[in-house]
Ligand SMILES: [Cu+2]
């Protein structure tokens, strides 16, 4: 079973991190932060291609909007949030500089919609490994978590679940 590894997260952060699944479905979720992050994963890289995609789901359970301002993945030169848009009747990927999460809104990244695009891979993304993902939110602040690399979306029991720390 894959889980977030506390040892690789700086102490002050991990004290604030909310982790899912110490035994099956038990949760350790910080009550202070209204942002939930579910089901993060990164596609393994394909030989000869210098990019890969990543996904997760964000839910703002609070009463205030928040904005995702910055995304970094360990060992990756640049990571952008993209969405598909119809431009001149052609579906194109366009960068989304920041994503606003309205109160009670859930935004799911998926192969058909929003996704992370990881460019300039410093080393291949191999199935089974984990990479540190850093997200910076305007209100919720910075969160780091380890995200599994896989060839397809992980099964439910292997999915980390996570609540962002309060500011
Ligand atoms: Cu893209």
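The values are calculated or read from the model by the stated rules, or taken from the named source; none is laboratory data. Remember, predicted model here, so these are calculated numbers, not experimental data. For neighbour counting, all protein chains shown are included, and Cβ atoms are generated from backbone atoms with ideal geometry for every residue, glycine included.
In the set 32, 64, 8, 80, which member is at pLDDT 90 or above and more than 16 Å from the ligand (Cβ to nearest atom)? Selected residue: 64, the only one of 32, 64, 8, 80 that is at pLDDT 90 or above and more than 16 Å from the ligand (Cβ to nearest atom). What do you reckon, is residue 103 under 28 Å from residue 33 (Cβ atoms) and either at pLDDT below 90 or part of a loop (DSSP other than H, G, I, E, B) (or both)? When the stated conditions are applied, residue 103 passes them.
Return yes when residue 139 is surrounded by 13 or more Cβ atoms within 10 Å (Cβ to Cβ), over 15 Å from the mean Cα position of the chain (by Cα) and either closer than 17 Å to residue 60 by Cα or at pLDDT below 95 (or both) and no when it is not. Yes; evaluated as a whole, the condition is true for this residue. So how many residues does region 149-158 have that are within 15 Å of residue 109 (Cβ to Cβ) and either surrounded by 19 or more Cβ atoms within 10 Å (Cβ to Cβ) or modelled with pLDDT of 90 or more (or both)? Total meeting the criteria: 1. Those strands (runs of 3 or more DSSP E) of region 29-94 in which 2 or more residues are more than 19 Å from residue 139 (Cα to Cα) and touching a strand residue (DSSP E or B) at 6+ places or on another chain (Cβ under 8 Å) occupy 35-43, 51-60, 76-87.
If you filter region 116-133 down to residues that are away from the ligand (no atom under 16 Å from the Cβ) and outside any strand (DSSP E or B), you find that the one that is surrounded by the fewest Cβ atoms within 10 Å (Cβ to Cβ) is 122.
State whether the residues of region 108-115 include one that is part of a strand (DSSP E or B), at pLDDT below 95 and crowded, with 17+ Cβ neighbours inside 10 Å. Within region 108-115, one or more residues are part of a strand (DSSP E or B), at pLDDT below 95 and crowded, with 17+ Cβ neighbours inside 10 Å.
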